[in-house]
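Here is the structure we will look at, set down as structure tokens.
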Amino acid sequence: PDVVVVRMYLPGELPPQSWSIDTVALALAAGKIVLPIFWLYSTFSAVDSVQQALDLARRAELAPKFLLGDFETYNPTGHKVEDPGPTTAQIREAVAECQSQGVELIPYTGVWWLQGYLPDYAEFAGLHVWLEQYNNVPDLDSVTMPVGWPRERLWGHQYSADGVDMDVFDARIAA
């Protein structure tokens, strides 16, 4: 089955949360597996962000086993980093809040961000991870793992195909 990743827009983000709800409804109506994702900003409370993302996912009629957390720089114009992404402490808080709600937090990130912005990332190497790596290869075996992160924790891979973001997931995990 096809998997659709839908961003859970937090209060104050654009577009409004109704976009997330409507997009989930369309994907479910088409028979897709829907995975919710949220952006963890360094300027937002990690606990509140997880709670808001999960609340929105549930309002959209999802019962998520997984919550994808986007951990990278926020650079909307392509020129200036407006948010460097979450700190180690914020990721710990997000993991703990997900665990308290019976949901597995799965980071969506890149090796470039882990090595450049989160020097102690190895602390989280026990988590599954969805890595961006724009290598035009739709194969999990093609992904270069962060040092110390076991390949068996690779949950998904975002790549590019003709300028379009595409993803491949480990079917045993995403099912």
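The values are calculated or read from the model by the stated rules, or taken from the named source; none is laboratory data. Remember, predicted model here, so these are calculated numbers, not experimental data. Glycine gets a Cβ as well: all are built from the backbone with ideal geometry, and neighbour counts include every protein chain shown. Keep in mind that these areas ignore ligands, DNA and RNA; they rest on the heavy atoms of the full protein, side chains included. Shrake-Rupley method; radii C 1.70, N 1.55, O 1.52, S 1.80 Å.
Key figures for this structure:
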| read-out | value |
| --- | --- |
| Built amide H within the under 5 Å cut-off of L35, gap 5+ | V4, V5, V6 |
| Point-to-point label distance, V147-Y134, nm (Cα→Cβ direction, 7 Å offset) | 2.5 |
| Candidate residues L14, L40: accessible-area rank, largest first, probe 1.4 Å | L14, L40 |
| Value of relative contact order over the range 101-175, rounded to a whole percent, pairs C-alpha under 8 Å and six or more apart | 28 |
| Burial order of peptide ranges 77-87, 119-129 (average beta-carbon count within 10 Å, highest first) | 119-129, 77-87 |
| Accessible surface, the range 86-175, averaged per residue in Å² (probe 1.4 Å) | 48 |
| Spin-label zone in the range 66-99 - amide nitrogen under 14 Å from a point set 7 Å from the Cα of S42 along the C-beta vector | 71-75, 80-91 |
| Computed accessible area, R151, all protein chains, 1.4 angstrom probe, square angstrom | 100 |
| Label-zone membership for the range 3-19, site R59, 7 angstrom Cα→C-beta point, backbone N under 14 Å | 8-19 |
| Accessible surface of the chain, 1.4 Å probe, proportion on carbon and sulfur as whole % | 55 |
| Value of relative contact order over the range 1-138, rounded to a whole percent, pairs C-alpha under 8 Å and six or more apart | 20 |
| Square roots of five times the Cα gyration tensor eigenvalues for the chain, Å | 22, 20, 17 |
| Computed helical MRE - 222 nm, the chain, DSSP H runs ≥ 4 contributing -39500 (n - 2.57), nearest 500 | -8500 deg cm²/dmol |
